[in-house]
Each structure stands twice: as C-alpha cells, then as structure tokens.
Amino acid sequence: GPGQAEMYAGLQELGVANGEDLKETLTNCTEPLKAIEQFQTENGVLLPSLQYALPFLDLHGTPRLEFHQSVFDELREKLLERVSAISLEGKVEERYKKLEDLLEKSFSLVKMPSIQPVVMCVMKHLPKVPEKKLKLVMADKDLYKACAVEVKRQIWQDNQALFGDEVSPLLKQYILEKENILFSNDISFLQNFFSPSPKTRRQGEVVQKLTQMIGKNVKLYDMVLQFLRTLFLRTRNVHYCTLRAELLMSLHDLEISEICTVDPCHKFTWCLDACIREKFVDNKRARELQGFLDGVKKGQEQVLGDLSMILCDPFAINTLALSTIRHLQDLVGQDTLPRESPDLLLLLRMLSLGQGAWDMIDSQVFKEPKMEAELITRFLPLLMSFVVDDHTFTVDQKLPSEEKGPLPYPSTIPEAFTKFLQENRIACEIGLYYILHITKQRNKNAFLRLLPALVETFSDLAFSDIFLHLLTGNLTLLSDEFALEEFCTSLFDGFFLTACSRKENVHRHVLRLLLHLHHKVAPAKLESLQKALEPTKQSGEAVKELYNQLSEKLELRKPSPAEVTETPSMELPLPTVPTPASR
C-alpha cells in the first residue's frame, strides 16, 4: 500500500535497496531465481562466516526474515545503548556533533517502525534538535505522539497553543478532583478536605504529570503559571491557587534550582508550606514571612500578585484563619487587645493579601490592601467577648446549684457582628472559622446563637463549598442534637433551606449531611425535610442522585404496615424536650 512505500522511501536516500528495487530487478531480468540470489548477496548481512551458516538455517526451516529480524533487533539494542553512551562522553560540542550527524543520516527512516526508536532516542539526547526536524515531527500526529518528553518540551516552548492543549485536560481533572473531595459522601470531622499533608498532595497525579512536562524548563513553568493566573481570573476558582503553590513545591522537592531560584515566591512559599504542614503559623516562621513581605523592593511590586495568589490557596487561608482563632483565645487569657499583638496583625495582613488576590491580579495594581482599623478595634474584640461569654457560662454551669446565678446563655447577637460578616471579607472569613471552632467544641449554645448571622454574608461565603464541607463534618459531633425540633428548625429552616433553591451546591451539602445523619433526625422533621429538599426540574444530576439515595435509605427505615397495626405509637412524633436555651 502507499503507507508501505512512504515508510521505506527513506531507504533509497541512503542508498539501501528496498522492495521497489527488487520489483524492478525482477521485472527486467531473464532468470528470476539468479536475480533473487544476487539481490540477497548484495543486500544481505556482509559477514563471510554467514555464507555457510545461512543454508544450514534454511535446512532447519528458519525463515531468512526471522534471522534478519533477530540480527536487526540485536543491532538496534546495541545502537540505542551507543546513542545513550555518546550523549555522556567526550567534549560537549563533539558529542552533540556526533548525535546531529546520526540524526541527519537516520531521520529519513523515522517512519519505519523498526528504526523509529533509534531516531527518537537520538533526538531525546539532543538538547537542541534542529528546528526543521521539530517542525516535521510537529506536523505529524503519530511522530509527535511517539516523541520523548524531552523533545516535546523543545516543541512546546515555542508553541504555547499546543502546550495549552496538553495542559488543559490536566487542569480540568485537578479542579474536578478537588470538587469530588468537597462533595464526598464520607462526612467526618476527623478526615476532611484539609487533612492531607502538603507532601502527600504533591504526589497527586496532575501535579506529578505537570512537573514531568516542565522538567527544568523555565519557559514552560512560566507558561503554566500564566495559564493558572488566567483561569483564576476567568473563574475565581481558588483551587488554581493551590496548584500554583503545589507545583512550585513539587519542583522544590526535586531540587530543580533552575526554576526555584528564579521564582521570586520560592522562599516565601517554602516557609508557608511548613506552616500549612503544622496547621499553625509559629512566631519564628511569622517573623520570616513578615521579612519577605517587608522586603518587596520598589519596582518589584509585581511579586505581590504572585504572593497574593500563594496566600489565596485555601490551604493557606485555612492555616492563617485557624492560627488567628488560636491567637484570639490566647489574648483573652492574657487580657491583651488585638491591636497590641504584632503576630495577630501579621496574620490579618496575610489574610487580606490572600483575599485580595483576585482584585490585585485583575486590576494589575500591585500594592497591599489597606487593613480596616475597625476590623482590629471592633470586630476582633467582639469575637473575644464571645469567648468570654462561653467561659462565664461554662464556669457558672459547674457551680453548685445554690450558688448558681440565674444565668441564661446569651441568645442575641450584637448587630455589629452581623454587619461585619456582611460587609467585610476578612471579618467574614474569621467569623466563619470561629463558628467552625465552636461547632468542633460541641458548643451548641454558641452555635445556635451565631447561626442566624450566616444567612447573609460577604459574597455568600457561608454558602461556599469549603465552609459547608467543614461545617457538615463538624456537625457530626452534634449528632444527638438532631433529635430536637428546635435545633433542626434553626439549622435547616433558619440556615440551609434559605439558600437551597438558589444555590445547587447548598442543596447537595444538605443532602450529604442527611444521608449521614438521617437516623438521628426526629421522624416528623425528617418527613418535612424530605418534601422541602425534593429536586426541581432545574436540579442537576448530582442533586437528583443524592436525593434518590436518601429516599432509598428512608424507605428502608419505614416500618411495614403489619408492624404499624400492632404498635401504633411508632407513628406519634417524639415529644420535644425543651433545651435550656429556649426557656
């Protein structure tokens, strides 16, 4: 076929006879058998000792093709070893000259499956494959596919669009993996989105593949960062910020100094990575991070755009927010005001830089966002007063009953708190982490007190996937409260259901929670929730699927009609026990 002809066309250029030549010889000769014998002699393996060995193989019925093939395979292995050896020996210029000559001779045979590995091996060892050859490889899908990554890098670095096509499916896969974790049906306060260590995360398939594609090539690294910035701007999806940091740290793990030394964020990211590993920013590292921020020189402010993206990584925000809550608790114990704590102020500075990443990259105005004084003088002291309220209430509960004052748990929230959560992004982030903190402490009173403030928050942060993922996990610690009508009404009617119809993701998180805790919920409440959560025509597949899973579980729980007649009491709603807070 024409494929064959093309495949062997290169042989003629090298003065090696091919099938076409044999055909021509046979067409124009008088004695075909003699002609074949002569063709074999001229084009066979030129070793005198073989003259007698070949007829011997013929007697054993070994086809000549099989013999030539095995000789060929043997030679090819030797050649591949030799190419690899050449690439390491002698003076740099000389060895590359040898390889280039070899490539010149062999490239015309690149379509022959038997020779292709040799040509590919030569190219793989050439730090600069001639432009003409790269263009030929690029123009041929099969050749491009067969290329070593070392050759592809040389093609990619001058073809951003082609590189983008290779990287794009990996980035999609990465985002999908993150979302699958956030929406996973396994709900637990022990294992959550933030549990895996940075080192473990960097072993992920996408990070490893990108690291491999980039190699030591700064140009490709810059392209990937450019893709991540562009996608972050287009989608506001913060997982791209995580990937930005993971990629740099993956290259750091491999000690690829060619890239690490030119990325101005390297040392900052490395230090922050250690904090993320500990889920806490200690004093020593705080000083170090502050040094990097203070050290941004005039004319180099653009680095703030990159630093802000590193700080916008949810794993960084999580670490900064957890550290902030810990600091506030310590300050209550030391009777110190927030504005008197430099460590706390640094955490807030980094939080605002991270939270301001999108605006900074979008506007291309590279300066640190201004910290609002009110955040420090009013909002944080307010949070500290909640901590004090809890201490007071707990201590009071432990007093012997005759000394007990009539101390109900404070049920109202200062209006200022609600306003801060609506209008100030940093306040909102810290407020949400405080609510996660009290939930984790199983502090039901404090949780119910602050919950109403979550219905309207800055850019709906209380309905974001990361917060709801963590909240549902922590709520499993309060599972016994789900039997109480009042608790369920506050949580579901007062919070979740206010957003379910306009936010598909909230609908999914509520269903996840109920799949996990349905057996704890009072039957009457469960029934009304099942009605309220029924998917609409607009609902996506994920919601329908979860709803069906929940319905199946509830179907299994229903008593059979026979049982009902014997024990009608099953159908009665459980009496609700008034909780101390409702008195």
Problem set entry | So Glu429, is it at pLDDT 95 or above and open to solvent by 50 Å² or more (accessible area, probe 1.4 Å) | no
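Yes/no per residue for (1) part of a helix (DSSP H, G or I); (2) surrounded by 14 or more Cβ atoms within 10 Å (Cβ to Cβ); (3) not hydroxyl-bearing (Ser, Thr, Tyr):
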site	(1), (2), (3)
Val510	yes, yes, yes
Leu517	yes, yes, yes
Ala524	yes, yes, yes
Lys531	yes, no, yes
Thr536	no, no, no
Ser539	no, yes, no
Asn548	yes, no, yes
Exercise. Among the listed residues Tyr434, Tyr409, which satisfies the condition of being over 22 Å from Leu322 (Cα atoms) and out of contact with any Ser or Thr (no Cβ under 8 Å at 6 or more places or on another chain)?
Worked result: Tyr409
Problem set entry | Residue list for the range 149-167, restricted to those being free of Cβ contacts under 8 Å to residues at least 40 places away in the same chain, touching a helix residue (DSSP H, G or I) at 6+ places or on another chain (Cβ under 9 Å) and surrounded by fewer than 17 Cβ atoms within 10 Å (Cβ to Cβ) | Asp158, Asn159, Leu162
Exercise. Just checking, which of Gln355, Gln364 is within 26 Å of the chain's Cα centre (by Cα) and open to solvent by less than 30 Å² (accessible area, probe 1.4 Å)?
Worked result: Gln355
Problem set entry | Residues satisfying the stated conditions in the range 293-336, i.e. surrounded by 21 or more Cβ atoms within 10 Å (Cβ to Cβ) and hydroxyl-bearing (Ser, Thr, Tyr) | Ser308, Thr319, Ser323, Thr324
Exercise. Pick from the range 442-475 the residues that are in a helix (DSSP H, G or I) and β-branched (Val, Ile, Thr): which of them is surrounded by the fewest Cβ atoms within 10 Å (Cβ to Cβ)?
Worked result: Ile466
For this session: Can you tell me which residue within the range 226-269, out of those that are touching a residue at least 60 places away in the same chain (Cβ under 8 Å) and polar (S, T, N, Q), is nearest to Glu288 (Cα to Cα)?
Result: Thr242
For this session: Assess whether Ser108 counts as being in contact (Cβ under 8 Å) with a residue 40 or more places away in the chain, out of contact with any Phe, Trp or Tyr (no Cβ under 9 Å at 6 or more places or on another chain) and either more than 30 Å from Asn192 (Cβ to Cβ) or not aliphatic (A, V, I, L, M) (or both).
Result: yes
Exercise. In the set Arg339, Arg349, which member is open to solvent by 20 Å² or more (accessible area, probe 1.4 Å), among the charged types (D, E, K, R) and at pLDDT 95 or above?
Worked result: Arg349
Problem set entry | Members of the range 293-350 that are outside any helix (DSSP H, G or I) and within 24 Å of Gln364 (Cα to Cα) | Gly295, Val296, Lys297, Lys298, Gly299, Gln300, Glu301, Gln302, Asp313
For this session: Return a yes/no flag: does the range 129-148 have any residue that is open to solvent by less than 30 Å² (accessible area, probe 1.4 Å), closer than 18 Å to Thr211 by Cβ and in contact with a helix residue (DSSP H, G or I) (Cβ under 8 Å, 6 or more places away or on another chain).
Result: yes
For this session: Looking only at the range 168-199, count how many residues are farther than 28 Å from Gln441 by Cα and open to solvent by 80 Å² or more (accessible area, probe 1.4 Å).
Result: 3
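The values are calculated or read from the model by the stated rules, or taken from the named source; none is laboratory data. Fair warning: this is a prediction, and the values are worked out from it, not measured in the lab. Glycine also receives a Cβ, built like all others from the backbone with ideal geometry; neighbour counts cover every protein chain displayed. Accessible surface is based on the protein model in full, side chains and every heavy atom, while ligands, DNA and RNA are left aside. Shrake-Rupley method; radii C 1.70, N 1.55, O 1.52, S 1.80 Å.
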